[in-house]
Amino acid sequence: MGIDWLQLFPEKVKAALSRLPLPLLETVEEIRIREGRPLEINYAGKYHFVDAAGRLTLEPEEAYRPDREDSHRMLDLISNHSLYTMEEELRKGFITIPGGHRIGLAGRTVLSSGSVGHLRDIGGFNVRIAREIPGVADRILPLLLDDSRRRVMHTLIISPPQHGKTTLLRDLARQISAGSAGGRDGRPGLKVGIVDERSEIAGSRRGIPSFDIGPRTDVLDGCPKAEGMMMMIRSLSPDVLIADEIGRPEDADALTEALHAGITVLAAAHGREVSELALRPGLGRIIELGVFERYVILRRSAGELSFRVLDGRKRPLPVYPGERKGGESHA
């Protein structure tokens, strides 16, 4: 089995990474290249440095240290030999490439009228590996459906970074869009709209999703969430609207507009508990209004994902049939 994302890296980095055991490569979440500093990977919640022979180490001095040539070659590869065409990505500080992988960039910022114009002297890369996990929403989606099984409840998914929010949203989009008309619950497929500001949910390239997000799903790729949600409402008439990493006041305004239009909202935000998000100016207002009917709180420990589901009054729901409220389940 090949690991396609290895082709992103310059030869010496790729050689070191390719010597790692295949089971480990299949669970890698991040690869960090910092010019002149140790090559580092994150997998299953663990962090290790990697030496030139592909061995893991906790000692920085033993690791391979990417040099200036590696940085230049990395930029060349991820920009497809045309860095000047990626001006907008350089301004935002990340590049999304085919497969939905996102590469965060670090370097010197060049200001324009007091704002970041673009990055130069780039010597830091954080490659976040995107993966589909079909079925990760299997145990969660039934808890987000109303009694008729024909409507999804307004839901906010909460977790710290890299705990599975985007992966869960992706599979929810797929399952909600496809429906299960041939299944036991007879759930119809619904029109799904995804506002994918960071190109991570659908992993689109030139407007075409690289992940399976379902047959009735439309995507606005690279569009600011608040503006994209309004565009979706006006022109694409989704039954369910999905957005990742909400939090700004304008995001809350757009979510409120969607609710008034009769559209179900599935959104995700960084945090650990509902009480933490309630303190934020934008999200606090819509949480206080009781907009969300479900809260899904994700946790990841040693690479394993678990979840809790709360109702609109923030009371725990059972996650197994017959279970007492307050249980936690593994996705």
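Checking residue 52 against (1) of a type in the set (A, V, I, L, M); (2) touching a strand residue (DSSP E or B) at 6+ places or on another chain (Cβ under 8 Å); (3) more than 30 Å from residue 164 (Cβ to Cβ), only one condition comes out false. Which one?
Unmet for residue 52, out of (1) of a type in the set (A, V, I, L, M); (2) touching a strand residue (DSSP E or B) at 6+ places or on another chain (Cβ under 8 Å); (3) more than 30 Å from residue 164 (Cβ to Cβ): (2).
Among 88, 35, 30, which is the only one that is in contact with a helix residue (DSSP H, G or I) (Cβ under 6 Å, 6 or more places away or on another chain), within 30 Å of residue 115 (Cα to Cα) and charged (D, E, K, R)? Please lay out each step first, then the result.
On the way: 88 fails: in contact with a helix residue (DSSP H, G or I) (Cβ under 6 Å, 6 or more places away or on another chain); 30 fails: in contact with a helix residue (DSSP H, G or I) (Cβ under 6 Å, 6 or more places away or on another chain).
Only one candidate qualifies: 35.
Pick out the one residue from 11, 62 that is out of contact with any Ser or Thr (no Cβ under 8 Å at 6 or more places or on another chain) and more than 30 Å from residue 301 (Cα to Cα). Let's see the steps before the verdict.
Details: 62 fails: more than 30 Å from residue 301 (Cα to Cα).
Answer to the check: 11.
Of all residues in the stretch 141-171, count the ones that are among the polar types (S, T, N, Q) and modelled with pLDDT of 90 or more.
Filtering the stretch 141-171 for residues among the polar types (S, T, N, Q) gives 148, 155, 159, 162, 166-167.
Checking the rest, the ones that are also modelled with pLDDT of 90 or more come to 155, 159, 166-167.
Number satisfying all stated conditions: 4.
Across the stretch 17-53, what is the number of residues that are part of a loop (DSSP other than H, G, I, E, B), open to solvent by 30 Å² or more (accessible area, probe 1.4 Å), out of contact with any Ser or Thr (no Cβ under 6 Å at 6 or more places or on another chain) and not hydroxyl-bearing (Ser, Thr, Tyr)?
Qualifying residue count, the stretch 17-53: 8.
Any chance you could count how many residues in the stretch 272-301 are among the aromatic types (Phe, Trp, Tyr) and either in a loop (DSSP other than H, G, I, E, B) or surrounded by fewer than 18 Cβ atoms within 10 Å (Cβ to Cβ) (or both)? Lay out the reasoning, then the answer.
Our first condition is that a residue be among the aromatic types (Phe, Trp, Tyr); within the stretch 272-301, this holds for 292, 295.
Cutting the leftovers down to either in a loop (DSSP other than H, G, I, E, B) or surrounded by fewer than 18 Cβ atoms within 10 Å (Cβ to Cβ) (or both) gives us 292.
Within the stretch 272-301, residues that are among the aromatic types (Phe, Trp, Tyr) and either in a loop (DSSP other than H, G, I, E, B) or surrounded by fewer than 18 Cβ atoms within 10 Å (Cβ to Cβ) (or both) number 1.
Considering only residues of the stretch 1-16 that are open to solvent by 30 Å² or more (accessible area, probe 1.4 Å) and under 24 Å from the mean Cα position of the chain (by Cα), which is farthest from residue 98 (Cα to Cα)? Let's see the steps before the verdict.
Kept after step one, since they are open to solvent by 30 Å² or more (accessible area, probe 1.4 Å), are these residues of the stretch 1-16: 1-2, 4, 7, 11-12, 14-15.
Subset that is under 24 Å from the mean Cα position of the chain (by Cα): 2, 4, 7.
Values: 2: 16, 4: 10, 7: 11 Å.
That would be 2.
Quick one: what pairs do we get from the stretch 224-241, first residue touching a residue at least 40 places away in the same chain (Cβ under 8 Å), second among the acidic types (Asp, Glu) and open to solvent by 20 Å² or more (accessible area, probe 1.4 Å), C-beta under 6 Å, 6+ apart or different chains?
Matching pairs, first to second residue: 236/218.
For residue 95, which of the numbered conditions (1) in contact with a Lys or Arg (Cβ under 9 Å, 6 or more places away or on another chain); (2) open to solvent by 20 Å² or more (accessible area, probe 1.4 Å); (3) more than 30 Å from residue 297 (Cβ to Cβ) fails to hold?
Tallying (1) in contact with a Lys or Arg (Cβ under 9 Å, 6 or more places away or on another chain); (2) open to solvent by 20 Å² or more (accessible area, probe 1.4 Å); (3) more than 30 Å from residue 297 (Cβ to Cβ), residue 95 fails exactly one: (2).
Kindly evaluate residue 119 against the criterion of being touching a helix residue (DSSP H, G or I) at 6+ places or on another chain (Cβ under 8 Å) and either surrounded by fewer than 18 Cβ atoms within 10 Å (Cβ to Cβ) or part of a helix (DSSP H, G or I) (or both).
Values: touching a helix residue (DSSP H, G or I) at 6+ places or on another chain (Cβ under 8 Å): yes; either surrounded by fewer than 18 Cβ atoms within 10 Å (Cβ to Cβ) or part of a helix (DSSP H, G or I) (or both): no.
No, not satisfied.
Please work out which one of (1) under 21 Å from the mean Cα position of the chain (by Cα); (2) within 21 Å of residue 151 (Cα to Cα) is the condition residue 205 fails and give its number.
Result: residue 205 passes all but (2).
The values are calculated or read from the model by the stated rules, or taken from the named source; none is laboratory data. Everything quoted here is computed from the prediction, not taken from an experiment. Reconstructed Cβ throughout: ideal geometry from the backbone, glycine too, with neighbour counts over all protein chains shown. Protein only, heavy atoms only, side chains kept; ligands, DNA and RNA dropped before computing areas. Shrake-Rupley method; radii C 1.70, N 1.55, O 1.52, S 1.80 Å.
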